[in-house]
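Worksheet: one structure, shown below.
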Amino acid sequence: MAGLYLVGAWLLIQVASTVLPTFDVPSWALRGLIITLALGFIPALIFSWVFELTPQGLKRDAEVTPEQSIAPQTARRMDRMIIAVLAIALVYFGFDKFVLAPHREAALVATTAQPRPALAPNESLSAANAKSIAVLPFENLSSDKENAYFADGIQDEILTRLSKVAALKVISRTSTQKYKSVPDNLREVGKQLGVANLLEGSVQKIANAVHVNVQLIRVATDEHLWAESYNRKLDDVFGVEGEVATAIADQLNAKLTGSEKEILTTKSTANPQAYDDYLRGLTQARHFSEPSLEAAASFGKAVREDPQFALGWATLSRMDALNYFKFLDRSPSRREAARQALAEAIRLQPELLETQMARAYFQYWVLLDYRGARDMLEQLRAKWPGNSEIVKVLGWISARLGDWQKSADYLDQAIELDPRDLFLRITAAANRLNNRDPSAALRIADDALPIEPENGPLLALKAQIFQSLGRLDQAQTIVERLNPDDPNQLSTIAYQAKLRRKPASALHYFQSTANESATQPAQIANLLTLADLLDSAGDQPKARAIDAQVRAAAEAALKEQPNNQWLLLCRATALAGLGDRAAALEGFDRCIALEAEDALEKGMMEENKAHALARFGQKDEAIALLQHLLSISYSLPVTPALLRLDPDWDNLRDDPRFQKLCQEPAK
């Protein structure tokens, strides 16, 4: 009898575990059934031991004589019943495996095969990941508010270490930096970032002492999973980031490999001044302007304080390479500084992930070896899967290599790890525009706008999308919201005025530009935009004076930076305005040659040459080049609508070949 009970209970559990989830019955119901049946086995066992089944019914075992016992017959019946029950179970599980299971799998495939929705700014597809975390900005509790860089740096270092744990999903700092240190609505923040856990913290630096307080919070319940305070002297604060990261990994049940344990606990320097300079540089490095040059100086101080500081050397190389790439300093000395810093990082710690990252950046930003950089980053991604920056850069490099679909895929993956990074979303939208998919570009831009509805660069991009489609009325409503003090937004304002053939509507923004000394790329670009507007307004004498000013400024800068493509382009454009045809076209050809391996920039350089050819009345060459440009993808490409609207092409309008180019392609 007890055996029959066990078989029946087992069969009931198997059936229930299959059937109950189909009707969305909570999991506790199945657990309750298993416990009940387990408890029921004890009385069943006692009952079968004390009683025996006879023809006269149940009797106590002691009251049945051996001659009256029918236990052997009962046992045989029980065996037959057990065999029958097992046969039924076998039939049921065969039916489930070969009939029901395929239907369930088909339904699952149909569900997961649905098109993946674009990520909205306030949600994430990975919100249910229990091992996901965002590190919020650490609060600076120091009386000296200038110590904010120290709190920022501690947060940055903890986040970086966590991102090296493969089992964790860690949201990038660019998505968390605009939140409060202690947000009012943790659940909303968690939803926007797509994480199950948040880390809050504060840092107080007083003289030579540092107090760090951190707490790990589960978003869904506001439960404090773990909290700790660290009181250290400055010369003993280096290990805090590793201790915090290790504790968080333990709390989130993220199993660490041996190498990950070593990475989390390794101290990058034991020199407090080097560490302080390094943290200051991290904060300065968040800007692509003069602070980027200041960041390089801070990292330089750090490695002078501690020449064995491999992380400092790697970060210095990366910052020098970035300043070189962004045209802040294209001098041979800046290039050599990046190379030497990288060489020191490789000599000291070639296996350090940041050293390998610096190698890839040097290949990308200095050597302009996009394929080599892509190969390095793809290998590094396998070692550092939680680093969203690697995925972003792979997206940007893929675009430069002309692999537009791979670029789009990488950028979409990066948004998963960095959902609130507007620059990332802007580049993802621009990527679609560059690949001549304006509808996708608009969708991504509109998805990003709720994050920051008045973000100037994002609005400027949306205006550019409308301009490329010839929808100037819609572009105008956006242009009126742009900030003319920002050079990139100002260029969009000016181009809108040019396309509408109302240059006066933008000229007043340039009142002081002509009198400024142009030493930076943005200032020289502003002068060229002013000359363009003056040409459109019919004021050629003033336009030529501006062109002469640009030529002089560019030539002066080129003495120190002879391979600065941006300066070469500005000089060629100014020469075209001044009517020096041969020198201008030679300059454009040199720019095209320098960007021969860059699909983004080469097309833009070719378009600038096409503008000059049209200006000089070289119709055949201009139209042939435009035919080529309309067939490729590149940065802010020319479109049939722009050909119809831009005054630069007026010299070509009576040519039937050009008129054909102005027609929208059949869909």
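The values are calculated or read from the model by the stated rules, or taken from the named source; none is laboratory data. What you see is a predicted model, and the numbers here were worked out from it, not measured in a lab. Cβ coordinates were reconstructed from backbone atoms using ideal geometry, including for glycine residues, and neighbour counts include every protein chain displayed. Side chains included, ligands, DNA and RNA excluded: accessible areas come from the protein's heavy atoms. Shrake-Rupley method; radii C 1.70, N 1.55, O 1.52, S 1.80 Å.
Could you tell me whether A321 is in contact with an Asp or Glu (Cβ under 6 Å, 6 or more places away or on another chain) and either open to solvent by less than 20 Å² (accessible area, probe 1.4 Å) or at pLDDT below 90 (or both)? Working first, answer last.
Details: in contact with an Asp or Glu (Cβ under 6 Å, 6 or more places away or on another chain): no; either open to solvent by less than 20 Å² (accessible area, probe 1.4 Å) or at pLDDT below 90 (or both): yes.
Here the answer is no, as A321 does not meet what is asked.
Taking the conditions exactly as written (without any contact (Cβ under 8 Å) to a residue 24 or more places away in the chain and over 30 Å from T519 (Cβ atoms)), does R381 satisfy them or not? So that I can check it myself, show each step before the final result.
On the way: without any contact (Cβ under 8 Å) to a residue 24 or more places away in the chain: yes; over 30 Å from T519 (Cβ atoms): yes.
It is true that R381 is without any contact (Cβ under 8 Å) to a residue 24 or more places away in the chain and over 30 Å from T519 (Cβ atoms).
Just checking, how many residues over the range 526-542 are more than 25 Å from K326 (Cα to Cα) and buried (at least 20 other Cβ atoms within 10 Å of the Cβ)? Step through it out loud before you land on a result.
Restricting attention to the range 526-542, the residues satisfying the condition of being more than 25 Å from K326 (Cα to Cα) are 533-542.
Filter again for buried (at least 20 other Cβ atoms within 10 Å of the Cβ), leaving 533-536.
Within the range 526-542, residues that are more than 25 Å from K326 (Cα to Cα) and buried (at least 20 other Cβ atoms within 10 Å of the Cβ) number 4.
On the given criteria, is R501 assigned to a loop (DSSP other than H, G, I, E, B) and in contact (Cβ under 8 Å) with a residue 60 or more places away in the chain? Reasoning before the result, please.
Numbers: assigned to a loop (DSSP other than H, G, I, E, B): yes; in contact (Cβ under 8 Å) with a residue 60 or more places away in the chain: yes.
Spelling it out, R501 is indeed assigned to a loop (DSSP other than H, G, I, E, B) and in contact (Cβ under 8 Å) with a residue 60 or more places away in the chain.
Any residue that is within 16 Å of A360 (Cβ to Cβ) and open to solvent by less than 30 Å² (accessible area, probe 1.4 Å) - is there at least one of those in the range 288-299?
Kept after step one, since they are within 16 Å of A360 (Cβ to Cβ), are these residues of the range 288-299: none.
No: the range 288-299 contains no residue that is within 16 Å of A360 (Cβ to Cβ) and open to solvent by less than 30 Å² (accessible area, probe 1.4 Å).
Can you name every residue in the range 136-173 that is open to solvent by 30 Å² or more (accessible area, probe 1.4 Å) and among the aliphatic types (A, V, I, L, M)?
Selection gives L141, A148, A166, A167.
Taking the stated definitions as given, is R443 assigned to a helix (DSSP H, G or I), touching a residue at least 60 places away in the same chain (Cβ under 8 Å) and either of a type in the set (D, E) or open to solvent by 10 Å² or more (accessible area, probe 1.4 Å) (or both)? Explain how you work it out, then say what you get.
Details: assigned to a helix (DSSP H, G or I): yes; touching a residue at least 60 places away in the same chain (Cβ under 8 Å): yes; either of a type in the set (D, E) or open to solvent by 10 Å² or more (accessible area, probe 1.4 Å) (or both): yes.
In short, yes.
Out of G603, G579, I need the residue that is without any contact (Cβ under 8 Å) to a residue 60 or more places away in the chain, at positive phi and not aliphatic (A, V, I, L, M). Which one?
Values: G603 fails: at positive phi.
When all the criteria are applied, what remains is G579.
Find the residue count for the range 235-258, including only residues that are open to solvent by 30 Å² or more (accessible area, probe 1.4 Å) and either acidic (D, E) or modelled with pLDDT under 85 (or both). Break it down stepwise before answering.
Applying the first criterion (open to solvent by 30 Å² or more (accessible area, probe 1.4 Å)) to the range 235-258 yields 235-236, 243, 246, 250-251, 253, 255-258.
Subset that is either acidic (D, E) or modelled with pLDDT under 85 (or both): 235-236, 243, 250.
Residues in the range 235-258 being open to solvent by 30 Å² or more (accessible area, probe 1.4 Å) and either acidic (D, E) or modelled with pLDDT under 85 (or both): 4 in total.
Within the range 212-245, take every residue that is among the β-branched types (V, I, T) and over 26 Å from the mean Cα position of the chain (by Cα) and give me the one that is nearest to K191 (Cα to Cα). Reasoning before the result, please.
First, pick out the residues of the range 212-245 that are among the β-branched types (V, I, T): 212, 214, 217, 219, 221, 237, 240, 244.
Among the residues that remain, those that are also over 26 Å from the mean Cα position of the chain (by Cα) are: 212, 221, 237, 240.
Working: V212: 27, T221: 13, V237: 33, V240: 29 Å.
If we take residues in the range 212-245 being among the β-branched types (V, I, T) and over 26 Å from the mean Cα position of the chain (by Cα), then T221 is nearest to K191 (Cα to Cα).
It is to be established whether one or more residues within the range 317-331 are without any contact (Cβ under 8 Å) to a residue 24 or more places away in the chain and either aromatic (F, W, Y) or under 19 Å from E389 (Cα atoms) (or both).
Here is the first cut: in the range 317-331, the ones without any contact (Cβ under 8 Å) to a residue 24 or more places away in the chain are none.
There is no residue in the range 317-331 that is without any contact (Cβ under 8 Å) to a residue 24 or more places away in the chain and either aromatic (F, W, Y) or under 19 Å from E389 (Cα atoms) (or both).
Is it the case that K261 is open to solvent by 60 Å² or more (accessible area, probe 1.4 Å), free of Cβ contacts under 8 Å to residues at least 60 places away in the same chain, part of a loop (DSSP other than H, G, I, E, B) and among the basic types (K, R)? Steps first, answer last, please.
Values: open to solvent by 60 Å² or more (accessible area, probe 1.4 Å): yes; free of Cβ contacts under 8 Å to residues at least 60 places away in the same chain: yes; part of a loop (DSSP other than H, G, I, E, B): no; among the basic types (K, R): yes.
Considered against the rule, which asks whether it is open to solvent by 60 Å² or more (accessible area, probe 1.4 Å), free of Cβ contacts under 8 Å to residues at least 60 places away in the same chain, part of a loop (DSSP other than H, G, I, E, B) and among the basic types (K, R), K261 comes out as no.
Which of the residues that make up the range 360-395 are within 17 Å of the chain's Cα centre (by Cα), in a helix (DSSP H, G or I) and crowded, with 18+ Cβ neighbours inside 10 Å?
Scanning the range 360-395 gives Y361, R374, L377, L380, S388, E389, I390, V391, K392, V393, L394, G395.
Out of the range 488-525, which residues are at pLDDT 85 or above and either in contact with a strand residue (DSSP E or B) (Cβ under 7 Å, 6 or more places away or on another chain) or open to solvent by 30 Å² or more (accessible area, probe 1.4 Å) (or both)?
Listed by number, the residues that qualify are N488, S491, Y495, R500, R501, K502, A504, S505, L507, H508, Y509.
Please determine, by comparing only the residues of the range 428-440 that are assigned to a loop (DSSP other than H, G, I, E, B) and among the charged types (D, E, K, R), which one is most open to solvent (accessible area, probe 1.4 Å). It would help to see each step written out before you state the result.
We begin by selecting, within the range 428-440, every residue assigned to a loop (DSSP other than H, G, I, E, B); these are 435-437.
Add one more test, that the residue is among the charged types (D, E, K, R), and what stays is 436-437.
Details: R436: 77, D437: 62 Å².
Going through the qualifying residues, I end up with R436.
Give me the pairs, please: first residue somewhere in the range 545-570 and touching a residue at least 24 places away in the same chain (Cβ under 8 Å) and more than 15 Å from T529 (Cβ to Cβ), second residue anywhere and open to solvent by less than 60 Å² (accessible area, probe 1.4 Å) and hydroxyl-bearing (S, T, Y), beta-carbon distance under 6 Å, and either six or more positions apart or on two chains.
E560/S331; Q561/S331
May I ask you to list the residues in the range 614-667 that are over 37 Å from the mean Cα position of the chain (by Cα) and among the basic types (K, R)?
R615, K619, R653, R657, K660
Among the numbered criteria (1) hydroxyl-bearing (S, T, Y); (2) part of a strand (DSSP E or B); (3) under 18 Å from A314 (Cα atoms), which single criterion is violated by S268?
(2)
What number of residues in the range 396-427 are more than 22 Å from K602 (Cα to Cα) and outside any helix (DSSP H, G or I)?
So the answer is 4.
Scan the range 324-333 residue by residue and report those that are open to solvent by less than 50 Å² (accessible area, probe 1.4 Å) and over 28 Å from the mean Cα position of the chain (by Cα).
Listed by number, the list holds a single entry, S331.
So if I check each of S202, S229, which one is open to solvent by 50 Å² or more (accessible area, probe 1.4 Å) and part of a strand (DSSP E or B)?
Values: S202 fails: open to solvent by 50 Å² or more (accessible area, probe 1.4 Å).
On inspection, the qualifying residue turns out to be S229.
Small (G, A, S) and open to solvent by 20 Å² or more (accessible area, probe 1.4 Å), is that true of A220?
Values: small (G, A, S): yes; open to solvent by 20 Å² or more (accessible area, probe 1.4 Å): yes.
So A220 fits the description; yes.
Return the residue satisfying two criteria in turn: it lies in the range 295-317 and is under 25 Å from the mean Cα position of the chain (by Cα) and at pLDDT below 95, and of such residues it is farthest from K178 (Cα to Cα).
Among residues in the range 295-317 that are under 25 Å from the mean Cα position of the chain (by Cα) and at pLDDT below 95, the one farthest from K178 (Cα to Cα) is A296.
Taking interchain pairs and intrachain pairs at least six residues apart, which have beta carbon atoms under 9 angstrom, with the first residue in the range 472-490 and closer than 22 Å to Q511 by Cβ and the second open to solvent by 80 Å² or more (accessible area, probe 1.4 Å) and in a helix (DSSP H, G or I)?
From residues that are closer than 22 Å to Q511 by Cβ, the pairs are P484/Y509; D485/Y509; L490/Y509.
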